[in-house]
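Down below is the structure, laid out as C-alpha cells.
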Amino acid sequence: MNALEISQLSKTYVDSYSGEEVTAVGDVSFGVAEGEFVSVLGPSGCGKTTVLNIVAGFVRGTGGSVVVDGKPVERPGPDRGVVFQGHALFPWKTVLGNVVFGLRIRGVPRAERTARGLEFLDLVGLRGFEGKYPHELSGGMQQRLGVARVLANEPALMLMDEPFASIDAQTRRKLQEDLTAIVEQQHPTVFFVTHDVDEAVFLSDRIVVLSGRPSRVREIVEVALPRPRTWRTTVELPEFRATANRVNELLAGDEDHAHAVDASS
Ligand SMILES: Nc1ncnc2c1ncn2[C@@H]1O[C@H](COP(=O)(O)OP(=O)(O)OP(=O)(O)O)[C@@H](O)[C@H]1O
Ligand SMILES: [Mg+2]
C-alpha cells in the first residue's frame with residue numbers, strides 16, 4: 001500500500017461572483033510509496049498547489065480520491081506536515097519554540113519536546129540558535145527552521161510547495177543538499193512541488209510531470225541516481241543530464257501544444 005494514493009483527482013473552481021468555472025486539475029493519478037521522494041512539475045497554473053492543498057486537506061477535490069495511509073483525506077491533520085514557501089513561522093516564538101510547537105499541542109512533556117526539538121535543530125544545522133527569534137535568522141535559516149518544525153512532528157507525509165523558490169541560487173543549492181541529507185537519514189515520505197527541473201532531479205526518486213490546465217499526468221520519470229547525493233558528485237553523472245533533458249522535453253512538449261491551441265483559436 002502506498003503512503004499516498006491520488007486517484008483520478010479533479011478540481012474545478014467556481015468563481016463565487018461570476019459563476020465562471022476553471023478546471024485546474026483534470027484527471028491526476030499517482031502514488032507515493034512510504035519513504036519515497038516524489039516531485040511534481042508542470043506549467044504554471046496547472047494545479048500543482050491545488051493538488052498539494054487537497055492532499056493537505058485545505059481544499060476539497062471535485063472528483064476522484066486522495067488516500068493517506070489507507071484513510072481518505074477529509075481535513076488537515078498532524079499526519080501531514082506542510083512546509084510553505086513563506087515559512088509560516090511564529091515570529092513571536094523562539095527558534096526552539098517554533099520547532100516544538102506541534103509537540104506541545106500534542107501534549108509531549110516539556111523535557112522530552114525540548115530534547116526532540118534540539119535534535120531536529122541539530123539535523124538542520126541550527127543548533128546554537130534555539131533562543132533566537134525568526135527575524136534574527138537569514139532567509140535560508142528560516143527555511144531550514146520550517147523543515148525542522150515539520151520533521152519534529154514526524155508526519156507520515158511531508159508536503160512542500162516550492163519551499164526554496166524565494167531563496168538565492170547559492171543558498172538554494174546548499175538547502176537542497178541539506179534536505180537530501182535529511183531525507184537519506186530520516187526517509188520521510190515527501191510530496192514536493194517545484195518549477196526547477198534540476199532541483200526535482202537532484203532531490204527525487206520519481207518526478208510526476210503534469211500537462212497544462214486541466215492537468216493530467218504526462219509521464220512519471222524515474223530518477224536512477226545513486227544516493228547519497230551531493231551536487232558535486234551528481235551533476236556530472238550522465239543520468240543526471242539525461243533525466244533533466246527528458247523532463248524538459250515533456251514540459252516543452254506542453255508548450256508546443258499550448259502554441260498550437262493558441263494558433264488555431
Ligand atoms: N481558490 C481558488 N479559486 C479559484 N481559482 C483558483 C483558486 N486557486 C487556484 N485557482 C486556479 O486554479 C488554477 C491552478 O492554480 P494552482 O495554484 O494550483 O497552480 P500551480 O500549478 O500551483 O501554479 P504555479 O506553478 O504558478 O504555482 C489556476 O488557474 C488558478 O487561477
Ligand atoms: Mg503553485
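The values are calculated or read from the model by the stated rules, or taken from the named source; none is laboratory data. Note that the structure is a prediction, hence the values are computed from the model and not measured. Glycine gets a Cβ as well: all are built from the backbone with ideal geometry, and neighbour counts include every protein chain shown. These area figures cover heavy atoms from the full protein model, side chains too; ligands, DNA and RNA do not enter into them. Shrake-Rupley method; radii C 1.70, N 1.55, O 1.52, S 1.80 Å.
Observations on the structure shown:
- Subset of the range 165-185 [touching a Leu at 6+ places or on another chain (Cβ under 9 Å), touching a residue at least 60 places away in the same chain (Cβ under 8 Å) and open to solvent by 40 Å² or more (accessible area, probe 1.4 Å)]: Gln185
- Failed criterion for Ala88 (all others in (1) hydrophobic (A, V, I, L, M, F, W, C); (2) free of Cβ contacts under 8 Å to residues at least 60 places away in the same chain; (3) away from ligand 2 (no atom under 16 Å from the Cβ) hold): (3)
- The set of residues from the range 105-115 being surrounded by fewer than 18 Cβ atoms within 10 Å (Cβ to Cβ) and not aliphatic (A, V, I, L, M) comprises Arg106, Gly107, Pro109, Arg110, Glu112, Thr114.
- Filtered residues of the range 5-20 (kept if exposed (fewer than 12 other Cβ atoms within 10 Å of the Cβ) and of a type outside the set (Val, Ile, Thr)): Asp15, Ser16, Tyr17, Ser18, Gly19, Glu20
- Sole exception among (1) within 18 Å of Gly31 (Cβ to Cβ); (2) surrounded by fewer than 20 Cβ atoms within 10 Å (Cβ to Cβ) for Phe192, by number: (2)
- Strands (runs of 3 or more DSSP E) (entirely within the range 122-218) containing at least 1 residues that are closer than 22 Å to Glu249 by Cα and more than 16 Å from ligand 1 (Cβ to nearest atom): 206-210
- Wholly within the range 1-74, strands (runs of 3 or more DSSP E) carrying at least 1 residues that are aromatic (Phe, Trp, Tyr) and within 16 Å of ligand 2 (Cβ to nearest atom): 4-14
- Meets criteria (of a type in the set (D, E, K, R) and either touching a residue at least 24 places away in the same chain (Cβ under 8 Å) or surrounded by 13 or more Cβ atoms within 10 Å (Cβ to Cβ) (or both)) for Lys93: yes
- Residues of the range 75-85 that are in a loop (DSSP other than H, G, I, E, B) and more than 13 Å from ligand 2 (Cβ to nearest atom): Arg75, Pro76, Gly77, Pro78, Asp79.
- Within the range 21-56, being free of Cβ contacts under 8 Å to residues at least 60 places away in the same chain, more than 9 Å from ligand 1 (Cβ to nearest atom) and surrounded by fewer than 21 Cβ atoms within 10 Å (Cβ to Cβ) holds for Glu21, Gly31.
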